[in-house]
Amino acid sequence: SFEGIQRLVATLRSPDGCPWDRDQSADSLKHLFLEECYELVEAIEEGDVEKIAEELGDVLFHGASQIQIAEEQGDFSGADVFRQVIEKLVRRHPHVFGDAVVEDPEEAVPRWDQIKRQEMAGTDRSILDGVPKAMPAMGYAQAVQGRAARMGFDWDAYPGVLDKVVEELRELETAESDDAREMELGDLLFSMVNASRWMGIEAETALRRPTAGSTQGSRRLSAWPEAADSISSRCPSTRKKSCGRKPREAKSGEPFRGSSVSPASGS
């Protein structure tokens with residue numbers, strides 16, 4: 001039970017417990033907490049139920065650790081945490097715990113956002129303030145775009161979204177300085193995340209798949225150096241220097257040498 005995990009954490013942090021656990025703070029544990037969350041996400045994506053159960057336990061352990069530290073400092077208690085989340089979820093589900101009627105998921109989301117806006121009325125916060133800035137950049141961008149769209153700030157149709165991607169790509173190709181390239185690349189990535197949102201695809205997940213495939217491919221090549229040598233031998237002579245090496249950093253003011261594939265080529 002969660003109470004059992006809390007008792008375990010209290011024991012680990014007690015005078016007779018573990019010196020390392022006793023020495024930790026909410027801040028010192030945050031990167032480990034985040035790492036465990038990512039490991040849980042990975043297990044879910046892999047569909048490994050045993051690993052999911054294990055990683056869920058690790059996440060709950062870190063949640064219990066944060067509660068224990070807060071209780072020791074007199075900040076809040078575990079009861080405060082559970083009370084707040086229960087009250088919030090009951091308040092935001094009037095179609096379950098009240099008289100409101102919601103027929104499908106599409107109706108539930110706008111109602112949720114409406115209740116959030118009502119909760120923030122009279123404060124200097126907006127619905128966008130609830131998106132954690134510590135999120136990975138692509139996930140953060142998609143979350144902000146999604147909330148903005150639910151507030152009415154969105155494209156009218158998908159073709160306009162794709163046109164924006166092409167526009168940003170052309171601006172990146174013509175950027176002449178490092179600062180300009182960085183800014184235009186950011187705009188391009190932002191527009192591509194928006195296209196991902198319109199397609200109902202999580203940009204983080206979409207990027208993680210080819211990255212994981214590339215990582216596995218690199219591991220296989222590193223295990224057989226002769227395979228890498230074989231690939232290098234097949235490279236055109238004009239590109240041999242770049243095969244198997246990291247890209248050279250562009251010098252300030254140097255024209256951008258991006259992909260030679262044009263947006264209209266369909267490749």
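Data table
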| read-out | value |
| --- | --- |
| Every residue from segment 70-88 that is at pLDDT 95 or above and closer than 27 Å to Ala149 by Cβ | Val85 |
| Residue check for Asp99: farther than 27 Å from Thr205 by Cα and either in contact with a Phe, Trp or Tyr (Cβ under 6 Å, 6 or more places away or on another chain) or assigned to a loop (DSSP other than H, G, I, E, B) (or both) | yes |
| Positions within segment 63-99 being without any contact (Cβ under 8 Å) to a residue 40 or more places away in the chain, surrounded by 12 or more Cβ atoms within 10 Å (Cβ to Cβ) and of a type in the set (Gly, Ala, Ser), in sequence order | Gly63, Ser77 |
| Segment 1-33, residues that are touching a residue at least 12 places away in the same chain (Cβ under 8 Å) and either at positive phi or not aromatic (Phe, Trp, Tyr) (or both) | Ile5, Gln6, Leu8, Val9, Ala10, Arg13, Asp21, Gln24, Ser25, Ala26, Leu29, Leu32 |
| Test for Glu176: is it charged (D, E, K, R), outside the structural domain of Glu35 (by TED's automatic domain parsing) and either without any contact (Cβ under 8 Å) to a residue 12 or more places away in the chain or part of a helix (DSSP H, G or I) (or both) | no |
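This table checks each residue for (1) modelled with pLDDT of 85 or more; (2) in the same structural domain as Ala195 (by TED's automatic domain parsing); (3) among the small types (Gly, Ala, Ser).
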site	(1), (2), (3)
Ala100	yes, no, yes
Asp113	no, no, no
Arg117	no, no, no
Gly122	no, no, yes
Gly130	no, no, yes
Ala149	no, yes, yes
Glu167	yes, yes, no
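Here's the yes/no breakdown for (1) among the polar types (S, T, N, Q); (2) touching a Gly at 6+ places or on another chain (Cβ under 9 Å); (3) within 30 Å of Pro94 (Cα to Cα):
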| residue | (1), (2), (3) |
| --- | --- |
| Asp129 | no, no, yes |
| Leu162 | no, no, no |
| Val166 | no, no, no |
| Asn194 | yes, no, no |
| Ala206 | no, no, no |
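The values are calculated or read from the model by the stated rules, or taken from the named source; none is laboratory data. In this text the structure is predicted, and so the values were computed from the model without any measurement. Here the Cβ is made from the backbone with ideal geometry for all residues, glycine too, and neighbour counts use every protein chain on show.
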